[in-house]
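Quick notes on the structure that follows.
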Amino acid sequence: MKTTPLIFLRHANTQKDPLVNAAKWGLSEDGKQQAKNVSEMPIMNFVDMIYVSEEQKTFLTIEPLAKKLNKKPQSLSFFNEVKRGDKFLTKEEFESEKAKQLTNLSYSAFDGESGIEALARFKQGVDFVIKENQNKNILIVTHGTILSIYFANLLDAYAELPNRWNRTDFCAIGVVENDKVIQDIIC
């Protein structure tokens, strides 16, 4: 029986701007190069469908590949990052909130949703794209925190979640088939 492989990709490095909501950030110069590098990865040649979150950085990350493959990415809110408030946080404030979020998945960091709520939403999205795309190779471009939580869930590695998040690089790739991790999102 043929299955539906899922390739997960964290977005490229962003250009942070305290005056703009993080959902609207573009890519840094490094991020633009990372996006180009993604389009040249051999695994990407087999992608049939591309899904992105509603955040601009995911579309910008996959734009070079989408052009190369002549595919139009579909945006789904299921794949948004764990919802956060609009306030721009200092590095220290961000790291403090992130630590709480990753050690207690019931905690609603940044005045947003909890990790448990985000995971349920994300899994609904995964189920939806599998149902809609049987036996196709699917690429889902999303975000570091939700990917860390999702892969920790699949690997029963919640105790390692803060470390896993720290090791999920920009443009990191993970592969899942039948709820089994074929390639971990972290190196």
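If you check every pair at least six apart or on different chains, which have Cβ atoms under 7 Å apart with a residue in the stretch 1-30 that is within 13 Å of Ile138 (Cβ to Cβ) and modelled with pLDDT of 85 or more first and a residue that is of a type in the set (Phe, Trp, Tyr) and surrounded by fewer than 16 Cβ atoms within 10 Å (Cβ to Cβ) second?
none
Can you pull out the helices (runs of 4 or more DSSP H) entirely within the stretch 98-187 that have at least 1 residues that are of a type in the set (Gly, Ala, Ser)?
115-132, 144-155
Has the stretch 5-21 got at least one residue that is crowded, with 19+ Cβ neighbours inside 10 Å, touching a Ser or Thr at 6+ places or on another chain (Cβ under 8 Å) and more than 25 Å from Glu117 (Cβ to Cβ)?
yes
Table: residues versus (1) in contact with a Gly (Cβ under 7 Å, 6 or more places away or on another chain); (2) touching a residue at least 60 places away in the same chain (Cβ under 8 Å); (3) not aliphatic (A, V, I, L, M).
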| site | (1), (2), (3) |
| --- | --- |
| Ile138 | no, yes, no |
| Asp156 | no, no, yes |
| Pro162 | no, yes, yes |
| Lys180 | no, no, yes |
| Cys187 | no, no, yes |
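Please go through the stretch 108-125 and give me each residue that is hydroxyl-bearing (Ser, Thr, Tyr) and either modelled with pLDDT of 90 or more or touching a Leu at 6+ places or on another chain (Cβ under 7 Å) (or both), ordered by number.
Selection gives Ser114 alone.
Any chance the stretch 68-79 includes a residue that's buried (at least 16 other Cβ atoms within 10 Å of the Cβ), without any contact (Cβ under 8 Å) to a residue 60 or more places away in the chain and in a loop (DSSP other than H, G, I, E, B)?
Yes, the stretch 68-79 contains at least one residue that is buried (at least 16 other Cβ atoms within 10 Å of the Cβ), without any contact (Cβ under 8 Å) to a residue 60 or more places away in the chain and in a loop (DSSP other than H, G, I, E, B).
Kindly evaluate Gln124 against the criterion of being within 25 Å of Thr4 (Cα to Cα) and of a type in the set (S, T, N, Q).
Details: within 25 Å of Thr4 (Cα to Cα): yes; of a type in the set (S, T, N, Q): yes.
Criteria met by Gln124.
Out of all the residues in the stretch 80-131, which are without any contact (Cβ under 8 Å) to a residue 12 or more places away in the chain and more than 17 Å from Ile149 (Cα to Cα)?
Once the filter is applied, which keeps residues that are without any contact (Cβ under 8 Å) to a residue 12 or more places away in the chain and more than 17 Å from Ile149 (Cα to Cα), the stretch 80-131 yields Thr90, Lys91, Glu92, Glu93, Phe94, Ser96, Lys131.
Kindly indicate whether Ala99 is modelled with pLDDT under 90, farther than 21 Å from Val20 by Cβ and either of a type in the set (Lys, Arg) or surrounded by fewer than 18 Cβ atoms within 10 Å (Cβ to Cβ) (or both).
Yes; evaluated as a whole, the condition is true for this residue.
The values are calculated or read from the model by the stated rules, or taken from the named source; none is laboratory data. Predicted model only: the values in this text are computed from it and were never measured. Glycine gets a Cβ as well: all are built from the backbone with ideal geometry, and neighbour counts include every protein chain shown.
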